[in-house]
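Enquirer: Following this message is one structure expressed as structure tokens.
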Amino acid sequence: MALTESRSLPLGALAPEFSLIDTRNQQRVELEDFNGSPLLVAFICNHCPFVVHLLESFVQRSTEFAKPGVETVAISSNDVTHYPQDGPEKMAELAARYEFTFPYLYDPTQTVARAFSAVCTPEFYVFNDEHTLYYHGQWDSSRPGKGQATGDSMAEVIDLLVAGKPAPETTFPSVGCSIKWA
């Protein structure tokens, strides 16, 4: 078993570069494709109960966030040898079933997850239009079996970002399943 030490990506850090395949259409998507736009990056996967719990809310809110110009990208970095349900074909099926309007990227080498210091699914990062980290934290305070996922915490963050205000001083970390490292 490989040990992975997590480290926080500090607020104000530049977004790590990525160039990954969108499982919806097999097109390459890179960070620079979002130049000039705020960006919500979500590390998710298909099977995690924490992701399943908030998936409808995530898809709905991502569409709402696009109206003021905030782009969304979801990334799955799980080891598909041991978790085949998180492989690219199944990712494409999930994206079609939930009608993702944003890329669902596959990180086969897990280098992007490591560059972001991501450790769990779901895990959320919000970058401003210069792609510096504005927020890293939870979607909302709900959990599987404890409340309905609304995305209210993230909506507050996005509203502050769009209004040009500082990020919230108090944040709560994402909670979920650990990324399944190869």
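The values are calculated or read from the model by the stated rules, or taken from the named source; none is laboratory data. Keep in mind that this is a model prediction, so the values were computed, not measured. Neighbour counts run over all protein chains shown; Cβ positions are idealised from the backbone, glycine included.
Enquirer: Pull up the range 143-182, narrow it to residues that are in a strand (DSSP E or B) and surrounded by 14 or more Cβ atoms within 10 Å (Cβ to Cβ), then point me to the one that is farthest from the chain's Cα centre (by Cα). Steps first, please.
Expert: Applying the first criterion (in a strand (DSSP E or B)) to the range 143-182 yields 143, 146, 177-178.
Pick out the ones that are also surrounded by 14 or more Cβ atoms within 10 Å (Cβ to Cβ) and you get 143, 177.
Values: R143: 17, C177: 14 Å.
Per the criteria, the residue is R143.
Enquirer: Sticking with this structure for a sec: Could you please let me know if V126 is over 23 Å from N78 (Cα atoms) and touching a residue at least 60 places away in the same chain (Cβ under 8 Å)?
Expert: It is false that V126 is over 23 Å from N78 (Cα atoms) and touching a residue at least 60 places away in the same chain (Cβ under 8 Å).
Enquirer: Considering only the range 105-113, I want to know if a residue exists there that is under 27 Å from L11 (Cβ atoms), small (G, A, S) and in contact (Cβ under 8 Å) with a residue 60 or more places away in the chain. Write out each step before concluding.
Expert: Of the residues in the range 105-113, the ones under 27 Å from L11 (Cβ atoms) are 105, 107, 109-113.
Checking the rest, the ones that are also small (G, A, S) come to 113.
So of that shortlist, the ones also in contact (Cβ under 8 Å) with a residue 60 or more places away in the chain come out as 113.
The answer is yes; a qualifying residue exists.
Enquirer: Do the conditions hold for S117, that is, is it more than 17 Å from T150 (Cα to Cα), touching a Leu at 6+ places or on another chain (Cβ under 8 Å) and not acidic (D, E)? Steps first, please.
Expert: Numbers: more than 17 Å from T150 (Cα to Cα): yes; touching a Leu at 6+ places or on another chain (Cβ under 8 Å): yes; not acidic (D, E): yes.
So S117 fits the description; yes.
Enquirer: In the range 72-95, what count of residues is obtained for those that are farther than 21 Å from G151 by Cα and either of a type in the set (G, A, S) or out of contact with any Gly (no Cβ under 6 Å at 6 or more places or on another chain) (or both)?
Expert: Just the residues of the range 72-95 that are farther than 21 Å from G151 by Cα, to begin with: 77-93.
Right, trim to either of a type in the set (G, A, S) or out of contact with any Gly (no Cβ under 6 Å at 6 or more places or on another chain) (or both) and you get 77-79, 81-93.
Summing the residues that are farther than 21 Å from G151 by Cα and either of a type in the set (G, A, S) or out of contact with any Gly (no Cβ under 6 Å at 6 or more places or on another chain) (or both) in the range 72-95 gives 16.
Enquirer: Taking interchain pairs and intrachain pairs at least six residues apart, which have beta carbon atoms under 8 angstrom, with the first residue in the range 167-181 and free of Cβ contacts under 8 Å to residues at least 60 places away in the same chain and the second among the small types (G, A, S)?
Expert: T171/G137; F172/G137; F172/S141; F172/S153; P173/G137; S174/G137
Enquirer: Inside the range 131-175, can you point out the residues that are acidic (D, E) and within 13 Å of F50 (Cβ to Cβ)? Lay out the reasoning, then the answer.
Expert: Filtering the range 131-175 for residues acidic (D, E) gives 140, 152, 156, 159, 169.
Matches in the range 131-175: D140 only.
Enquirer: Count, please, the residues in the range 128-142 that happen to be over 16 Å from K67 (Cα atoms) and either touching a helix residue (DSSP H, G or I) at 6+ places or on another chain (Cβ under 9 Å) or surrounded by 22 or more Cβ atoms within 10 Å (Cβ to Cβ) (or both). Even if it seems obvious, please write down each step before you answer.
Expert: First, pick out the residues of the range 128-142 that are over 16 Å from K67 (Cα atoms): 130-142.
Pick out the ones that are also either touching a helix residue (DSSP H, G or I) at 6+ places or on another chain (Cβ under 9 Å) or surrounded by 22 or more Cβ atoms within 10 Å (Cβ to Cβ) (or both) and you get 131, 134-142.
So the answer is 10.
Enquirer: Would you check if E130 is under 17 Å from F18 (Cβ atoms), at pLDDT 95 or above and not in a strand (DSSP E or B)?
Expert: yes
Enquirer: Output the qualifying pairs, or none if there are none: Cβ atoms under 8 angstrom, residues six or more apart or on different chains, first residue in the range 58-74 and farther than 22 Å from F116 by Cα, second residue among the small types (G, A, S) and surrounded by 14 or more Cβ atoms within 10 Å (Cβ to Cβ).
Expert: Pairs that qualify, where the first residue is farther than 22 Å from F116 by Cα and the partner is among the small types (G, A, S) and surrounded by 14 or more Cβ atoms within 10 Å (Cβ to Cβ), are Q60/G151; R61/G151; R61/A155; E64/A155; G69/S37.
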